[in-house]
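Here is the structure we will look at, set down as structure tokens.
The values are calculated or read from the model by the stated rules, or taken from the named source; none is laboratory data. All values reported here derive from a predicted model rather than from experimental measurement. Cβ placement follows ideal geometry from the backbone for every residue including glycine, while neighbour counts extend to all protein chains displayed.
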Amino acid sequence: MRAASLVLGLGRSDRGDDGVGPAVVGRIESRLPRGSGVRVLAQEDPTTLLDLWEGHDHVVLVDAVVTGDPAGTLHRFDVGADAPPLPADTLARGARAGTHAFGLATTVELGRALHRLPARVVVVGVEAGCLDLGAALSPPVAASLEAAAELVWREVASDVPGCAG
Amino acid sequence: MNHRLTDGGQVMHVDTLARVEGEGAMHIELRDGRVIDVQLRIYEPPRFYEAFLRGRAWTEPPDITARICGICPVAYQMSACWAIEHACGVTVPEAIRLMRRLLYCGEWIESHALHVYLLHAPDFLGYDGAVDLAADHPSVVETGLRLKKAGNQVMTVVGGRSIHPVNVRVGGFHRMPRTSELSALRPVLEQALEDALATLRLVSGFDFPDMEQPHEYVALRPEVGYPIEEGRVVTSSGRGFDVRDFPLHLDEYQVPHSHALHARLDGGTRGPYVVGPLARYTLNHDRLGDLARDAAREGGLAAECRNPFRSIVVRAVELVEAVSEALRILDVWTDGAAPSVPVPPRAGEGFGASEAPRGILFHRYVLDADGVIRDAQIVPPTSQNQAGVEADLRALVEGWADLDDHALQHRCEQAIRNYDPCISCATHFLDLSVDRS
């Protein structure tokens, strides 16, 4: 398996569990050795993804999701151009946590329509509990950070020299 | 979701209003084809930031309030800077005003491109959204994405990054971009100008429902140029006053169905007032540059525009204006200007306003002698437009009563999108519900 070349956390760190994406990729960044070749970013506006992932063929996105599962539940979706289609409403159900209407799910589908979707895109979703302005991560989501980071790490580490998964 | 009522009435309820910034709800109730009630419902904790600002230092509002919205952070930064500088009795030099205007042009380009192409154009072209539009007309969507990226690039060069610019401070900027950095924007903006003109040609060919609304228009009007980063307040009823007097005319009030305060001007005796592109254009079309004025003519706009559905054409004209203005600033900019001026604190009250892409954004701060914020007031454009949106829906729904529920819902959502409501600013989270008999 090739290593992810771009790891991107989506969300706002001052909106409760919406900040889980940046929190998880922060942990990944601190574990990567110098010169790993992996690009790690935190971003709030999903529409910038189409430019950010240009030139990368393996991307891991970390975002808060709302599906009705208990807060802190982890989800993993393969949504890249090489992946089989997801059931119709999978991402529609699971991508309502963004603070703007043009969210991750729409951006992925827009990338697919414009043939600008990387071959492998893995979405690691963390079920959000609290999205209040000014709130910190809720306890269940804070408790899931390590497991979420481990899930992302498995996508990242296998081919990075010195990063035995 | 539609419900038949036991009294023969009917309710249409749309839980999640698609393609607006943020989420909220709209509830419409009809009896015998007559509109009984229209409510724009906004749910989030509305005044969080005003409360959060109390007790903070006078230097902090530009960074704190920029967090309110990922689409219009520059608007928050600029209105906050003007208000704090006003409270402290400081006037910034022309070079700082000019660089603020350039940064703001980037935000207008980014925000208008997003709304025109990804959120609003699909309504007029018969698509459910931008993804379906992209499948059939990829080059149209690519034009929009290229424009949006150009705006982001301006914000990155001037503001340090595109989403929440970090280079803005009370008194100016942390550092001024050099002409060598700015010149890299020129080819980007030259392409953006072509794309903006193409946008105008595209949207002016859309079919627009017949509608004229009598709302009072309120916009800023600067001493020269089209209103972007500053100006006095002017209205279509012929009134004009300084930003500091806005609170004397503005009355914010709570309605039970929305967490965002509604607003009325001079007691609401002249009906709802609205801010945003239609108001800006109608009150300032004489201030457009030559290219944008020609574009407006080509787009079929008269000096006054009262059809909310044509707001997409006005946004295209404003795209031409913002790109042209950014290029003009690049032409006249020279290195050497001080990035900021000192803003020592003093006790007082300050007022600031600028034209966010969606309309006037007003800030007011009260400082003590140490610069600690004792009171803060933020009046975003979407809050001010709530009554106008409701009035438009009242006017439209009766004329559309013969449409089936799906078509009616789609038309209502389109009418709401005319205002590019940023629920993220007004509070957060919007939903749509219609109840009809």
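Here are the numbers for this structure:
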read-out	value
Count of residues meeting criterion [within 17 Å of the chain's Cα centre (by Cα) and either more than 13 Å from B:P380 (Cβ to Cβ) or at pLDDT 90 or above (or both)] in region B:256-271	0
Helices (runs of 4 or more DSSP H) contained in region B:224-300 and holding at least 3 residues among the acidic types (D, E)	B:290-298
Number of positions in region B:49-73 that are away from chain A (no Cβ under 14 Å) and part of a helix (DSSP H, G or I)	2
Total residues in region A:20-62, condition surrounded by 23 or more Cβ atoms within 10 Å (Cβ to Cβ), away from chain B (no Cβ under 14 Å) and within 23 Å of B:A130 (Cβ to Cβ)	2
Residue match in region B:82-102 (condition: within 14 Å of another protein chain (Cβ to nearest Cβ) and either in contact with a helix residue (DSSP H, G or I) (Cβ under 9 Å, 6 or more places away or on another chain) or among the polar types (S, T, N, Q) (or both))	no
Per-region count, region A:109-165, residues among the hydroxyl-bearing types (S, T, Y) and modelled with pLDDT under 85	1
Matching entry among B:A135, B:A150 (being without any contact (Cβ under 8 Å) to a residue 40 or more places away in the chain and closer than 20 Å to A:G111 by Cα)	B:A135
Some residue of region B:172-187 being on the phi < 0 side of the Ramachandran plot and either within 12 Å of another protein chain (Cβ to nearest Cβ) or touching a strand residue (DSSP E or B) at 6+ places or on another chain (Cβ under 7 Å) (or both)	yes
Condition check for B:H410: within 16 Å of the chain's Cα centre (by Cα) and in contact (Cβ under 8 Å) with a residue 24 or more places away in the chain	no
Test: residue in region B:172-186 that is surrounded by 22 or more Cβ atoms within 10 Å (Cβ to Cβ), aliphatic (A, V, I, L, M) and not in a helix (DSSP H, G or I)	no
Filter result (part of a loop (DSSP other than H, G, I, E, B) and not hydroxyl-bearing (S, T, Y)) within region B:187-221	B:G205, B:F206, B:D207, B:F208, B:P209, B:D210, B:M211, B:E212, B:Q213, B:P214, B:H215
Unmet requirement for B:P138, which otherwise passes all of (1) away from chain A (no Cβ under 11 Å); (2) at pLDDT 95 or above; (3) at negative phi	(1)
Residue check, B:V188 β-branched (V, I, T), free of Cβ contacts under 8 Å to residues at least 60 places away in the same chain and closer than 17 Å to B:E325 by Cα	yes
Looking only at region A:114-134, and only at residues there that are β-branched (V, I, T) and surrounded by 23 or more Cβ atoms within 10 Å (Cβ to Cβ), the one that is farthest from the other protein chains (Cβ to nearest Cβ)	A:V124
Residues being within 11 Å of another protein chain (Cβ to nearest Cβ) and either in contact with an Asp or Glu (Cβ under 9 Å, 6 or more places away or on another chain) or outside any helix (DSSP H, G or I) (or both) - total across region B:112-121	4
Residues of region A:6-59 satisfying the condition of being charged (D, E, K, R) and touching a Pro at 6+ places or on another chain (Cβ under 7 Å)	A:D57
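A quick yes/no check of all residues on (1) basic (K, R); (2) more than 24 Å from A:G103 (Cα to Cα); (3) buried (at least 24 other Cβ atoms within 10 Å of the Cβ):
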position	(1), (2), (3)
B:A80	no, yes, yes
B:C88	no, yes, no
B:M99	no, yes, yes
B:F124	no, no, no
B:D128	no, no, no
B:P138	no, no, no
B:P165	no, no, no
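This table checks each residue for (1) out of contact with any strand residue (DSSP E or B) (no Cβ under 8 Å at 6 or more places or on another chain); (2) in contact (Cβ under 8 Å) with a residue 60 or more places away in the chain; (3) closer than 14 Å to B:I228 by Cα; (4) not β-branched (V, I, T).
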site: B:R31; (1), (2), (3), (4): yes, yes, no, yes
site: B:V74; (1), (2), (3), (4): no, yes, yes, no
site: B:M78; (1), (2), (3), (4): no, yes, yes, yes
site: B:W108; (1), (2), (3), (4): yes, yes, yes, yes
